[in-house]
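Working notes, beginning with the structure itself.
The values are calculated or read from the model by the stated rules, or taken from the named source; none is laboratory data. Everything quoted here is computed from the prediction, not taken from an experiment. FYI the Cβ positions are ideal-geometry reconstructions off the backbone, even for glycines, and counts take in every protein chain you see.
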Amino acid sequence: MISIWKSPTLSVGWVTSQILRSKFFYSTHLGANQPVFAHLPTVLGPDGRKLSKREGATSVQEMKAQGYPPDAILNYVSLLGWSHPEEKEVLSKEELAASMSLDRVGRSDCQLDPDKFRWVSQQHLAQQSLEDLVLDVRPFIDRERFPDTGDNFSAVIDTLRTRLSTYTNINEHLGLLFPEDKLSAELLRKEVGADPEVKRTLIAVREKLQALEPWEEEGIGTAIREAGASAGVKGAELFHPVRCVLIGSEKGPDLGKILVGLGMEEGIRRIGQAIGE
């Protein structure tokens with residue numbers, strides 16, 4: 001009760017219980033002023049039912065264990081029954097503290113939206129510094145599936161960061177750069193390189209990359225375009241087979257990011273496999 005007395009405001013979920021609380025403050029001799037009472041909207045689950053442990057309600061600690069950044073959890077929960085004056089949805093702790101007020105709290109029940117939660121989380125991850133993101137993601141990597149994530153882990157995360165919606169989500173995307181089925185990946189590279197025109201393009205790309213120094217995203221992109229020009233190809237005819245050889249898909253991150261993430265030795269090795277060397 002002392003903690004309640006010291007609180008300048010008190011938010012309660014049920015208006016009917018306010019009567020009991022009011023009686024307590026009037027009947028005590030603590031000399032405390034009655035706090036301001038506010039009714040916050042009831043939070044419903046995705047199915048429209050009230051949240052409860054019996055129905056599998058997720059605790060904040062469980063959300064953190066699932067890989068949601070703490071700031072994203074705070075951000076999303078704050079939007080349940082409250083809205084920013086400028087309708088902003090991605091907010092830092094400082095922005096929340098500066099803009100939070102009871103006059104923006106709604107009266108209707110609000111409903112949890114897992115998709116919206118993941119979107120908010122994705123925005124926070126995209127805004128996080130690469131250095132912090134690397135530190136936060138690393139503990140969530142499944143090392144049984146991905147024992148080796150290359151020599152430049154920061155570059156790997158930078159390549160995949162736009163795909164992440166949670167820290168644990170990294171395990172869904174690491175396979176793009178580090179395939180778990182290495183034999184199938186090698187067979188696919190050889191299949192792509194079996195086309196004579198594609199092989200000629202890959203040989204030109206490898207030659208340019210082998211001579212490249214330093215190994216940086218911008219320089220890699222330039223080298224690949226120059227190789228394409230010498231082989232007489234450009235656009236999809238150039239980028240698709242190279243990307244397919246590197247990650248097993250014609251679509252994906254920019255080739256410069258992929259090759260920085262893989263590193264020079266591994267990138268050139270995969271191209272070599274495709275051309276049979």
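Here the helices (runs of 4 or more DSSP H) wholly within region 135-225 that include at least 2 residues being of a type outside the set (Gly, Ala, Ser) and more than 28 Å from TYR76 (Cβ to Cβ) are 182-193, 196-210. Could you tell me which numbered condition TRP5 fails, if it satisfies all but one of (1) of a type outside the set (D, E, K, R); (2) assigned to a loop (DSSP other than H, G, I, E, B); (3) modelled with pLDDT under 90? The one condition TRP5 does not meet is (2).
If we keep just the residues of region 89-108 that are within 19 Å of the chain's Cα centre (by Cα) and part of a loop (DSSP other than H, G, I, E, B), which is surrounded by the most Cβ atoms within 10 Å (Cβ to Cβ)?
Of everything passing the filter in region 89-108, LEU91 is surrounded by the most Cβ atoms within 10 Å (Cβ to Cβ).
Here is a check on your reading of the model: is SER230 out of contact with any Phe, Trp or Tyr (no Cβ under 9 Å at 6 or more places or on another chain), in a loop (DSSP other than H, G, I, E, B), surrounded by fewer than 21 Cβ atoms within 10 Å (Cβ to Cβ) and not assigned by TED's automatic domain parsing to the domain that holds GLY150? No; evaluated as a whole, the condition is false for this residue.
Candidates in region 109-134 are the residues that are touching a strand residue (DSSP E or B) at 6+ places or on another chain (Cβ under 7 Å) and assigned to a loop (DSSP other than H, G, I, E, B); of these, the one that is farthest from ASP71 (Cα to Cα) is ASP109. In this structure, LEU79 does not satisfy being of a type in the set (A, V, I, L, M, F, W, C), in the same structural domain as ALA155 (by TED's automatic domain parsing) and at pLDDT 95 or above.
For every residue, the table says whether it meets (1) touching a Lys or Arg at 6+ places or on another chain (Cβ under 9 Å); (2) at pLDDT below 90.
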residue	(1), (2)
LEU20	no, yes
LEU30	no, yes
THR42	yes, yes
ASP47	no, yes
LYS53	no, yes
VAL60	no, yes
GLN66	no, no
PRO69	no, no
ILE73	yes, no
